[in-house]
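The values are calculated or read from the model by the stated rules, or taken from the named source; none is laboratory data. Keep in mind that this is a model prediction, so the values were computed, not measured. Ideal geometry is used to build each Cβ from the backbone, glycine not excepted, and the neighbour counts take in all protein chains shown. When the accessible area is computed, the model is the full protein with side chains, heavy atoms only, and any ligands, DNA or RNA have been set aside. Shrake-Rupley method; radii C 1.70, N 1.55, O 1.52, S 1.80 Å.
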Amino acid sequence: MNTTILAPVMALVLWSLVMWLWLYATRLPAMVKAKIKLDPTQPKEALTGALPPHVRWKADNYNHLMEQPTIFYATALVTAVGGVADQTAILLAWTYVGLRLLHSLIQATVNIIMLRFLVFTVATVVLGVLAVRTALAIV
């Protein structure tokens with residue numbers, strides 16, 4: 001089994017943890033500054049609505065890293081276990097991770113939606129190619 005494809009998997013896991021740290025490094029001071037009281041009976045919007053957009057962007061991105069990348073994780077693991085992790089698959093996996101990292105940086109800093117959408121779309125196509133290649137190789 002070629003486990004080289006697991007390196008981009010771990011890179012994205014570690015990047016997700018970096019985003020989690022960045023999220024709280026910006027959110028907690030903003031909550032203190034806004035004097036937000038933690039009240040579990042309040043709707044979510046009472047907390048997030050009181051935070052500046054540039055603070056919310058990090059949380060939004062962290063949530064995004066918990067969504068589509070799950071398909072990447074499953075695909076990469078099937079690629080490794082199925083013994084079909086060739087150089088093309090590894091290149092596609094690293095490309096996907098690089099694009100997700102770029103997507104994070106765009107969303108967490110300037111949040112230009114059309115640029116972010118373009119990067120997301122290209123990443124999705126790359127993931128789709130990896131998934132289809134893997135499915136065809138293991139059938």
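Observations
- Calculated FRET value between ALA135 and ASN63, using beta carbons and R₀ = 41 Å, to 0.05: 0.90
- Cα-based Rg and Dmax for the chain, where Dmax is the largest Cα-Cα distance (Å): 17.7, 57
- Here the sum of -39500 (n - 2.57) over DSSP H runs of 4 or more residues, divided by the residues of the chain, equals -26500 deg cm²/dmol at 222 nm, to the nearest 500.
- Note that the chain presents 57 Å² accessible area per residue, ligands and nucleic acids not counted, probe 1.4 Å.
- Taking Cα centre as origin and charging only the Cβ of basic (Lys, Arg, +1) and acidic (Asp, Glu, -1) residues, the dipole magnitude of the chain rounds to 460 debye.
- Protection proxy ranking, highest mean first, for peptides 46-58, 69-81, 25-37: 69-81, 46-58, 25-37, where packing is the per-residue count of other beta-carbon atoms within 10 Å, averaged.
- Between region 43-81 and region 96-129, the Cα center-to-center distance that results, in Å: 13
- Angle between the chain longest axis and helix 87-109 axis [Cα atoms, degrees, rounded to 10]: 10
- Label-point separation in nm, ALA25 to LEU77, each point 7 Å along Cα→Cβ: 2.9
- Here the chain exposes an accessible surface that is 73 percent carbon and sulfur, computed with a 1.4 Å probe and the other protein chains kept in place.
- Between 0 and 90 degrees, the angle of helix 113-138 with respect to the longest Cα principal axis of the chain falls at about 30 degrees.
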